[in-house]
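Scroll down for the structure; my scribbles are underneath it.
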């Protein structure tokens with residue numbers, strides 16, 4: 001083709017009407033946009049983050065751990081709209097981003113996997129493959145996205161900020177990984193336990209004290225084993241807060257696609273309300289995400305962060321003032337290019353008859369459809385390219401970008 005023919009073809013193309021991302025005729029993907037996927041391992045309690053303040057049923061279901069309605073005190077939820085509020089611990093981190101239209105939330109989001117198993121559901125989400133077909137454990141959806149971008153406009157450098165390459169990043173495209181870890185785990189202090197046993201031994205209560213410590217240790221060990229397994233060596237929220245700017249620097253300087261997982265979200269016991277264990281983790285996560293935003297500098301305008309978890313938790317609190325494995329969750333989507341300040345996706349009113357299996361959020365916004373719509377807008381992918389990332393799934397555009 002000579003120069004004149006090329007100019008004629010280009011002129012003809014510019015005369016065509018604008019095409020949607022689902023068209024087969026789009027140009028190569030816009031690969032300068034950066035994407036970080038943050039996976040909260042353990043199944044975080046989405047109701048603690050995005051509080052359904054418009055639902056009386058929520059307050060009936062959580063007499064001990066509910067977050068108060070906006071305007072009822074210093075520890076009350078931060079109003080987002082008439083139906084939803086934000087956990088008050090995020091007042092100085094995530095809430096300003098919402099007011100600046102840089103973050104949106106998608107409730108009732110997740111996978112149709114009904115196993116309620118940490119491992120099964122994490123695998124299902126990271127693979128992004130049809131649930132009723134044979135699984136290929138060497139083909140994660142983030143890797144397939146990288147491969148599509150590489151073949152269309154690459155190379156697109158991808159990095160997993162993890163000890164081991166996660167399933168989501170495994171596949172044909174080259175992906176590197178590096179650990180970002182600064183763990184300060186608090187264990188049971190054996191010396192203090194011995195001092196207490198010795199003190200009570202002088203009162204004739206040594207046997208009861210010993211039995212109490214034994215039970216406590218057994219319960220703590222069982223709970224810690226489950227949490228450790230669910231975390232799959234993910235970093236803690238505290239570690240993420242400390243390392244977020246280092247991740248941002250690497251994403252800013254070199255990498256287009258990133259993945260990081262954060263553990264510690266399995267809150268069966270004493271998760272707290274406006275204060276407590278889960279509030280502390282949300283606080284650290286919020287500050288970490290804000291640090292990442294600041295670390296991206298001017299590139300924040302071309303950056304999207306998606307925060308997901310394998311499932312939500314039960315709508316009702318359990319007998320231990322915690323929550324158990326659930327189903328639907330809430331996804332976060334933030335970035336300088338996000339149409340934030342909104343609660344997006346299909347939603348329902350939260351009344352007793354609306355819970356899935358009378359216990360959980362239903363999944364109304366299937367994650368592959370939502371992410372497919374996001375990827376399509378973010379990178380200009382056509383329907384064939386999106387089908388490579390999420391086979392057999394129709395992308396759903398909900399107005400995130």
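The values are calculated or read from the model by the stated rules, or taken from the named source; none is laboratory data. These numbers come from a predicted model, not from an experiment. FYI the Cβ positions are ideal-geometry reconstructions off the backbone, even for glycines, and counts take in every protein chain you see.
Of all residues in segment 114-155, count the ones that are buried (at least 21 other Cβ atoms within 10 Å of the Cβ), free of Cβ contacts under 8 Å to residues at least 60 places away in the same chain and assigned to a loop (DSSP other than H, G, I, E, B).
The qualifying residues number 1.
Only residues that are out of contact with any strand residue (DSSP E or B) (no Cβ under 9 Å at 6 or more places or on another chain), more than 25 Å from residue 156 (Cβ to Cβ) and touching a residue at least 12 places away in the same chain (Cβ under 8 Å): list them for segment 355-401, please.
Residues satisfying the conditions are 355, 356, 357, 359.
Residue by residue through segment 171-199, note down the ones that are in contact with a strand residue (DSSP E or B) (Cβ under 9 Å, 6 or more places away or on another chain) and either modelled with pLDDT of 60 or more or buried (at least 16 other Cβ atoms within 10 Å of the Cβ) (or both).
173, 174, 175, 176, 177, 178, 179, 180, 181
So, in segment 281-310, exactly how many residues are outside any helix (DSSP H, G or I) and either closer than 19 Å to residue 378 by Cα or touching a strand residue (DSSP E or B) at 6+ places or on another chain (Cβ under 6 Å) (or both)?
Of the residues in segment 281-310, 7 are outside any helix (DSSP H, G or I) and either closer than 19 Å to residue 378 by Cα or touching a strand residue (DSSP E or B) at 6+ places or on another chain (Cβ under 6 Å) (or both).
Scan 220, 274 and give me the residue that is within 27 Å of residue 66 (Cβ to Cβ), over 19 Å from the mean Cα position of the chain (by Cα) and at pLDDT 75 or above.
Selected residue: 274, the only one of 220, 274 that is within 27 Å of residue 66 (Cβ to Cβ), over 19 Å from the mean Cα position of the chain (by Cα) and at pLDDT 75 or above.
Can residue 372 be described as crowded, with 21+ Cβ neighbours inside 10 Å, in the same structural domain as residue 80 (by TED's automatic domain parsing) and in a helix (DSSP H, G or I)?
yes
When segment 286-295 is examined, which residues are found to be touching a residue at least 60 places away in the same chain (Cβ under 8 Å) and either buried (at least 23 other Cβ atoms within 10 Å of the Cβ) or outside the structural domain of residue 93 (by TED's automatic domain parsing) (or both)?
Residues satisfying the conditions are 286, 289, 292.
Of the conditions (1) surrounded by fewer than 20 Cβ atoms within 10 Å (Cβ to Cβ); (2) closer than 28 Å to residue 292 by Cα, residue 73 clears all except one; give me its number.
Just one mismatch for residue 73, condition (2).
Looking only at segment 56-70, which residues are in a loop (DSSP other than H, G, I, E, B) and over 22 Å from residue 103 (Cβ atoms)?
Matches in segment 56-70: 62, 63, 64, 65, 66, 68.
Could you give me the residue pairs with C-beta distances under 7 Å whose first residue belongs to segment 334-354 and is within 15 Å of residue 46 (Cβ to Cβ) and assigned by TED's automatic domain parsing to the domain that holds residue 302, whose second residue is surrounded by fewer than 15 Cβ atoms within 10 Å (Cβ to Cβ) and modelled with pLDDT under 95 wherever it lies, and which are 6+ apart or on separate chains?
Cβ pairs passing all conditions: none.
Filter segment 312-333 down to residues that are in contact (Cβ under 8 Å) with a residue 60 or more places away in the chain, assigned to a loop (DSSP other than H, G, I, E, B) and under 19 Å from the mean Cα position of the chain (by Cα), then give me how many there are.
Of the residues in that region, 6 qualify.
In segment 53-70, which residues are within 19 Å of residue 283 (Cα to Cα) and crowded, with 20+ Cβ neighbours inside 10 Å?
Result: 65, 66, 67.
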